[in-house]
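K.L.:
Sharing a structure here in structure tokens format.
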Amino acid sequence: MKICVLVKEVPDAAVQKRIDPSTMRLDRSGEKNLNPFDTHALEAAMQIKEGGAIPVEEVVAVTMGPESAVRALHKAVALGADRSVQLTDDALAGSDVCATGYALAKVLESESPDLVLLGQQSDDGECYTIGAVVADHLQMPSLTQVIKIDVTDGKLRCERQAEYGYDTVEIELPAVISVGDAINEPRYPSLKAIMGAKKKPLDNKAAGDVGIEAGQVGEAGSKTKVISLNPPPAKEAGEIIEDEDTNETVEKIVAWLDERKLI
Amino acid sequence: MPGILVYALHDDEGNFNKNSLGAISEAAKLAGEIGGACSALVVGDVADDAAAGLGNYGAAKVYRAKGVPEGLAQPIIDAMAKVITDNGISYALFGGGLLGFEIGAGLTARLGAGVTMEVTAVKVQDGKLVAERPILQDSEIADVGYVSEPGIIIGRLNAFDAKESGGSAAVEDVEVELSAWSTKATMVQRGEQRGADVNIEDADILVGGGRGLGAAEGFKLAEELAESMGGAVAATRAVVDAGWYPYATQIGKTGKTVAPKLYLAAGISGAIQHKVGMQNSENILAINKDPNAPIFEFSDLGVVGDLHKIVPKLTEAIKAKKGG
Ligand SMILES: Cc1cc2nc3c(=O)[nH]c(=O)nc-3n(C[C@H](O)[C@H](O)[C@H](O)COP(=O)(O)OP(=O)(O)OC[C@H]3O[C@@H](n4cnc5c(N)ncnc54)[C@H](O)[C@@H]3O)c2cc1C
């Protein structure tokens, strides 16, 4: 079987993220990294491959993003993917969830995967929805926020939390699964894997190569439009105590609790 | 008719989800402003009375797809897509919850529709809906409009309040043909409760424990602190999924919503999905070693430091104070 893992390059957690007011898009300058939630999807792919319940021929990392996003693919390959595919095209810039999901589905279609894995969310977009959009385009069954995957008789047995507790769901392949961050503890790449990452095959694709219709992506293909950006309602900033002398800190906390009649 | 369709989720006993009822009331209000009606979709074996009862929250009409199973998104996507297309509905609105995200996302693909999520408010501009969507960890709010219909709006947990207005909805049964891929996922078990059944909703004081407690054993610290104040212990999804603490104590999007007099968060980062379940607490005190943790943005007192050093001493100090 072939597993495709969707990955994304996002601003590093330490970078203060902002929207560029001229384009209403995220300012993507500054330090970037592989979306931390994607490392759980890569780890899940590796565990299925190593688990041996179903033979896995290939794990392919797939991204859509500007040229710089190749670094996210190098990290994905260092974490175990056998090769990677990058969809880059100026026409894709400014795509909303609807357009992004369509474009990703198209590039995935060109790989005919048996399983598509992705992380629960991107650190910058916080949309939580791409997996389900992609699944409907690919006409595959799907589940998001999965924290356990077992492969039995060529099917997946998945667990996740929904509104009323834990659900256990059996899913036939091919399928699209987004994994929660509790599913595993991602491994660290070995030095050798990091050094070798750039030598693994990388396919570059433009929108036309995978049959993406120009009118359906980018700003033109997007169905939502950001009208304005506003600051959230002002909330009085809380008091902050830095713990230097713990006895003193505790005294301050107790006084604060006492003042509010909480103890 | 520029109508708004709401998916009304129900549990295995047939009780409708509070967030779905809130979405119906919100949709009814908005539909009035854009000159349309609010309708709801229910799936599975929902009784006539129960379906018609959604009228009490503002639904003028309830579409019932008896042949569609409840609990998994894809069959419901088939049902919603059919109802939206057959009736020329302009918007679909979902209350906060996991299934709404999956259904809304699937509809986006199916209908080529724009989607917004984690929406905290919806307003009407020029006869169209505009969603207020917090972004970048709630540091900004984007007003997002739709360039075409239908538009999909996925609310944040507790964003919309259910309002009883009296009234009863007309119920119409719909036959839905399921897509081939919608039948390839099967629910084996729904809503399993893991760990002890604990009641945290009535506590005036809650000590919330997160991954920062380090291990299941770390919850001992939280329990001792809670005990010293006569409170109970709550948890994040991260630690519940890790098996450190029972599901019944989980606060947030897929857990409980609480509003105690004091919420003391120990080793909790303050992710939005946790915040939505506790942000209405009267007083929020957070202990976290990371000065940039989002929890500090909405706490009344933030203590930057190692909880393993602070919490045991705090427990002792509170005990001493109460004893003396
Ligand atoms: C669809 C969906 C639904 C979700 N539903 C829920 C939900 O219902 N409830 C929920 O809680 N989450 C939910 N989540 C998950 C949520 O996004 C977060 O991942 C989760 O809340 C994080 O839990 P945490 O704060 O315990 O862990 P982390 O985010 O890992 O935070 C741990 C914190 O502990 C601090 N820390 C570490 N060591 C120490 C120390 N020694 N002293 C002091 N501080 C320390 C760290 O600085 C960090 O801030 C959901 C996510 C999604 C996508």
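Residue-wise test of (1) at the interface with another protein chain (Cβ under 7 Å from one of its Cβ atoms); (2) within 12 Å of B:VAL188 (Cβ to Cβ).
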{"position": "A:THR144", "(1), (2)": "yes, no"}
{"position": "A:THR152", "(1), (2)": "no, yes"}
{"position": "A:LEU156", "(1), (2)": "no, yes"}
{"position": "A:GLN161", "(1), (2)": "yes, no"}
{"position": "A:GLY165", "(1), (2)": "yes, no"}
{"position": "A:ILE171", "(1), (2)": "yes, yes"}
{"position": "A:PRO174", "(1), (2)": "no, no"}
{"position": "A:SER178", "(1), (2)": "no, no"}
{"position": "A:ALA182", "(1), (2)": "yes, no"}
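K.L.:
Within the range A:126-150, track down each residue that is out of contact with any helix residue (DSSP H, G or I) (no Cβ under 7 Å at 6 or more places or on another chain), crowded, with 24+ Cβ neighbours inside 10 Å and more than 30 Å from B:ILE141 (Cβ to Cβ).
P.N.:
A:LEU143, A:VAL146
K.L.:
Also: Listed residues A:ASP123, A:ASP153, A:ASP114; which is under 30 Å from B:PRO69 (Cβ atoms), at pLDDT below 95, open to solvent by 10 Å² or more (accessible area, probe 1.4 Å) and not hydroxyl-bearing (Ser, Thr, Tyr)?
P.N.:
Only one candidate qualifies: A:ASP153.
K.L.:
So which of A:GLY180, A:GLY208 is within 16 Å of the ligand (Cβ to nearest atom) and at pLDDT 95 or above?
P.N.:
A:GLY180
K.L.:
Going through the range A:252-263 one residue at a time, which ones are surrounded by fewer than 18 Cβ atoms within 10 Å (Cβ to Cβ) and more than 7 Å from chain B (Cβ to nearest Cβ)?
P.N.:
Once the filter is applied, which keeps residues that are surrounded by fewer than 18 Cβ atoms within 10 Å (Cβ to Cβ) and more than 7 Å from chain B (Cβ to nearest Cβ), the range A:252-263 yields A:LYS252, A:ALA255, A:ASP258, A:GLU259, A:LYS261.
K.L.:
Also, quick follow-up: Going residue by residue through the range B:257-268, is there one that turns out to be crowded, with 22+ Cβ neighbours inside 10 Å, out of contact with any Asp or Glu (no Cβ under 9 Å at 6 or more places or on another chain) and under 13 Å from B:ALA203 (Cβ atoms)?
P.N.:
Looking for residues that are crowded, with 22+ Cβ neighbours inside 10 Å, out of contact with any Asp or Glu (no Cβ under 9 Å at 6 or more places or on another chain) and under 13 Å from B:ALA203 (Cβ atoms), one finds at least one in the range B:257-268, hence yes.
K.L.:
Out of A:ALA53, A:ALA76, report the one residue that is within 18 Å of the chain's Cα centre (by Cα) and more than 16 Å from the ligand (Cβ to nearest atom).
P.N.:
Of A:ALA53, A:ALA76, the one residue that is within 18 Å of the chain's Cα centre (by Cα) and more than 16 Å from the ligand (Cβ to nearest atom) is A:ALA76.
K.L.:
I would also like to ask the following. Against the conditions (1) under 21 Å from A:ALA182 (Cβ atoms); (2) open to solvent by 70 Å² or more (accessible area, probe 1.4 Å); (3) more than 7 Å from every other protein chain (Cβ to nearest Cβ), where does B:VAL240 fall short? Just the number, please.
P.N.:
(2)
K.L.:
Hey, another quick one. Residue pairs, Cβ under 9 Å, 6 or more apart or interchain, first in the range A:217-246 and closer than 30 Å to B:LEU111 by Cβ, second assigned to a strand (DSSP E or B) and of a type in the set (Ser, Thr, Tyr). List them.
P.N.:
That search, which allows pairs on different chains as well, returns A:LYS223/B:TYR146; A:THR224/B:THR116; A:THR224/B:TYR146; A:LYS225/B:TYR146.
K.L.:
Still on this structure: Out of the range B:226-277, which residues are part of a helix (DSSP H, G or I) and more than 9 Å from the ligand (Cβ to nearest atom)?
P.N.:
Correct list: B:ALA226, B:GLU227, B:SER228, B:MET229, B:TYR247, B:ALA248, B:THR249.
K.L.:
May I pose another question? Report whether or not B:ALA286 is of a type in the set (A, V, I, L, M) and either within 9 Å of the ligand (Cβ to nearest atom) or within 19 Å of A:ALA13 (Cβ to Cβ) (or both).
P.N.:
yes
K.L.:
Continuing with the same structure: Could you figure out which of (1) modelled with pLDDT under 95; (2) open to solvent by less than 20 Å² (accessible area, probe 1.4 Å) isn't true of B:ASP197?
P.N.:
Single failed check for B:ASP197: (2).
K.L.:
Next question, about the same structure. Restricting to strands (runs of 3 or more DSSP E) lying wholly in the range B:31-95: which have 1 or more residues that are polar (S, T, N, Q)?
P.N.:
Qualifying strands (runs of 3 or more DSSP E): B:38-43.
K.L.:
Just checking, which of A:ASP89, A:ASP96, A:ASP82 is over 18 Å from the mean Cα position of the chain (by Cα) and either over 25 Å from A:LYS148 (Cα atoms) or among the polar types (S, T, N, Q) (or both)?
P.N.:
Values: A:ASP96 fails: over 18 Å from the mean Cα position of the chain (by Cα); A:ASP82 fails: either over 25 Å from A:LYS148 (Cα atoms) or among the polar types (S, T, N, Q) (or both).
None of the other options fit; the residue is A:ASP89.
K.L.:
In addition: Go over the candidates B:GLY252, B:GLY208, B:GLY302, B:GLY277 one by one and state the one that is open to solvent by less than 10 Å² (accessible area, probe 1.4 Å), touching a His at 6+ places or on another chain (Cβ under 6 Å) and of a type outside the set (A, V, I, L, M). So that I can check it myself, show each step before the final result.
P.N.:
Details: B:GLY208 fails: touching a His at 6+ places or on another chain (Cβ under 6 Å); B:GLY302 fails: touching a His at 6+ places or on another chain (Cβ under 6 Å); B:GLY277 fails: touching a His at 6+ places or on another chain (Cβ under 6 Å).
One residue alone meets the criteria, B:GLY252.
K.L.:
Is one or more of the residues making up the range B:211-225 more than 12 Å from the ligand (Cβ to nearest atom) and assigned to a strand (DSSP E or B)? Write out each step before concluding.
P.N.:
Residues of the range B:211-225 that are more than 12 Å from the ligand (Cβ to nearest atom), as a first pass: B:216-217, B:220, B:223-225.
Among the residues that remain, those that are also assigned to a strand (DSSP E or B) are: none.
No: the range B:211-225 contains no residue that is more than 12 Å from the ligand (Cβ to nearest atom) and assigned to a strand (DSSP E or B).
The values are calculated or read from the model by the stated rules, or taken from the named source; none is laboratory data. The structure presented is a predicted model; accordingly, all values stated were derived computationally and were not measured. All Cβ positions, glycine included, derive from the backbone under ideal geometry; neighbour counts span all protein chains shown. The protein model used for the area step is the full one, side chains on, heavy atoms only, and it has no ligands, DNA or RNA in it. Shrake-Rupley method; radii C 1.70, N 1.55, O 1.52, S 1.80 Å.
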